[in-house]
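One structure is given below, encoded as structure tokens.
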Amino acid sequence: MTQLSFYGATGQVTGSCYLLENQQQRILLDCGMFQGSKETEKQNALDFPFDPASIDAVVLSHAHLDHCGRLPKLLKDGFNGPVFLTDASFPLLELMLKDAVHLQTRDIEWENKRRERSGKELLEPLYELCHVEDLLKLRQPIAYEKETIILPGISLSFHDAGHILGSAIVRLHITDENDTKTLVFSGDLGNPNSPLLRDPSLLTEADVLLLESTYGDRNHKLLEHTLDELSDTLAAAEKNGGNVIIPAFSVGRTQDLIYWLGKLERQGKLPQKQIYIDSPMAISASEIYAANTTLFNVDDPEFSKTAPHGWHAWLKGLIYSQSAEESMAINRIAGGAIIIAGSGMCNGGRIRHHLKYNLWRRNAHILIVGFQAEGTLGRMLVDGNKKYLKILGAEVKVEAKIHTLGALSAHADQSQLLDWASHFNAPKPRLYLVHGEKTAALSLQSCFSRRAWPATIPKIGETISF
């Protein structure tokens, strides 16, 4: 008998974590951070609901923090097994975790200075750099489509999910008492409109399917309309002299934006001559992308020819901003620039500084190009919050124009999720909807119900057997 327990990203988008166990082995699928409101993020400091030392291996779908961000804490609390991941996720995991521990250490230091002055108990970080470095020694890369025995009776294969570089659909074959069952975890499925990555691989056989539902309640705008809106926004910003501020995830979204802006530049539709990537992590991630162009699709022959020569060959106005001094200098630019910075949900990073200096400007434009979780500053902007927002200790009035460009999302939408799942043969696998807020998961559940395919929305801590 094999059991699967749901310990994250159920009823919410972040905190991906699922425990697979039989009488012999225990495997953890992902070990991600909870992201969003302060209340949501408090879950990161809680003890794991299982003994980390008892976990034989971790299988990682991809290197976004909501899927990998608690791995060093898992090690700190006793885990010491292999971490299986794709080849391209190998360098991205190091980039993500080292950046996370740097930001965490800095934030804890600032908070503890305030706590010390007021006599409050000091905080401890979730983990330190030594834990990250020890965790990285446990990585074991596996190529896409390569069936690999990872433990006795358990084989693993990764299949391209098309979400970010190295993202994977996970397939596990589990043999227990001469009976083999197949579990498929979609991870984060990519948007087939992605300009860089291949479409998600199609799988057809499974006994149990875990399917993400981030955009389970909506379809993206048509790509053509979104690109027209992007072009119109850039033209309007140029006309009224304002900046264009784009919060973007460093891995995936930033690289897609560089592509689209380069495309507009070649069409004569990019009036801005200064496009700043103000994120050391996004710059490093872009270099990793540039080193893995063999994983890109070949939909655009002109880009395929240019990509091996680097991003600056594709987008002439591209400027990398590495240092804090360079970032602060951008804040003195009152208009005429495109500024892309993290974090993608505006809940940290350099983007907050740029919002502080631009949100109050009537001629500024804020482009939201990715999912914004409940409780984040980005979600407040998407929801039309026009009151004063507190950013970096200052109250800032929202006067800038807010645009949401859904078709640029790196997640599959409702129709795309349904289409991908439709390729599974009958009898259909037992279906569990994860990685979605309640309304999104319920909407997708209704869609499957109309197709006579029952879907379950599991609860945190729930365990199933198969």
Would you mind computing Rg(Cα) / (2.2 N^0.38 Å) for the range 113-152, counting N as its residues? 2.22
Rounded, prolate or oblate: pick one for the range 241-336, where a ≥ b ≥ c are the square roots of the eigenvalues of its C-alpha gyration tensor, a/c under 1.5 means rounded, and failing that, prolate if a/b is larger than b/c, else oblate. oblate
Under a point-charge model restricted to the Cβ atoms of Lys and Arg (+1) and Asp and Glu (-1), what is the dipole moment magnitude of the range 82-201 relative to its Cα centre, in debye to the nearest 20? 360
Pick out, from 170, 441, 79, the residue whose Cα sits farthest towards the positive end of the charge dipole of the chain, with +1 on the Cβ of Lys and Arg and -1 on the Cβ of Asp and Glu. 441
Using label points projected 7 Å from each Cα along Cα→Cβ, tell me how many nm separate residue 155 and residue 205, to one decimal. 1.0
What does the C-alpha gyration tensor say about the overall shape of the range 223-408? Classify as rounded when a/c is under 1.5, otherwise prolate if a/b is larger than b/c, or oblate. prolate
Linear extension gain, residue 465 paired with residue 38, 0.36 nm per residue minus alpha-carbon span: 150.3 nm
So, relative contact order of the range 223-408 in percent, Cα under 8 Å, 6 or more apart, is 30
Taking other Cβ within 10 Å of each residue's Cβ, how do 58, 132 sort, fewest first? 132, 58
So how tilted is helix 280-290 from the main axis of the chain? Cα-based, degrees 0 to 90, rounded to 10. 70
Distance-filtered residues of the range 13-55 - backbone nitrogen under 15 Å, label point 7 angstrom along residue 80 Cα→Cβ: 52-55
Tilt, helix 89-118 to longest principal axis of the chain (alpha-carbon atoms), in degrees rounded to tens, equals 70
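Starting from the Cα-Cα distance between residue 87 and residue 240, subtract it from 0.36 nm times their residue separation and give me the gain in nm to one decimal.
Value of the extension gain: 50.5 nm.
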Could you tell me the calculated FRET efficiency between residue 387 and residue 332, based on Cβ-Cβ distance and R0 = 25 angstrom, to the nearest 0.05? 0.40
Where Rh is the Kirkwood radius over Cα pairs, Rg/Rh for the range 132-195: 1.06
Report the FRET efficiency, 1/(1 + (r/R0)^6), for residue 122 and residue 425, where r is their Cβ-Cβ distance and R0 is 45 Å, rounded to 0.05. 0.20
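Ranked from highest to lowest mean number of other Cβ atoms within 10 Å per residue, what is the order of the peptides 440-449, 160-169, 305-314?
160-169, 440-449, 305-314
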Between the helical axis of 253-266 and the dominant principal axis of the chain, each derived from Cα atoms, what acute angle in degrees is found, rounded to the nearest 10? 50
Rounded to the nearest 20 debye, what is the charge dipole size of the chain about its Cα centre when +1 sits on each Lys and Arg Cβ and -1 on each Asp and Glu Cβ? 1700
Rh by Kirkwood over Cα pairs, then Stokes-Einstein D for the range 370-415 at 0.692 mPa s and 37 °C, µm²/s: 270
Taking the Cβ of residue 336 as the center, what net charge do the other residues with Cβ under 13 Å away carry, scoring Lys and Arg +1 and Asp and Glu -1? +3
Gyration tensor verdict on the range 339-466 (Cα atoms; rounded if a/c is under 1.5, prolate if a/b is larger than b/c, oblate otherwise): prolate
For residue 181 and residue 143, FRET efficiency with R0 = 25 Å and r from the beta-carbon atoms, rounded to 0.05? 0.55
Given an 8 Å cut-off on Cα distances and at least 6 residues of separation, report the relative contact order of the range 310-452 as a percent. 18
Amide H of residue 412 versus every other amide H placed in the peptide plane: which residues, excluding those fewer than 5 positions away on the same chain, fall under 5 Å? 189, 190, 191
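Each value in this text was obtained by applying a stated rule to the coordinates, not by laboratory testing. Predicted model only: the values in this text are computed from it and were never measured. For neighbour counting, all protein chains shown are included, and Cβ atoms are generated from backbone atoms with ideal geometry for every residue, glycine included.
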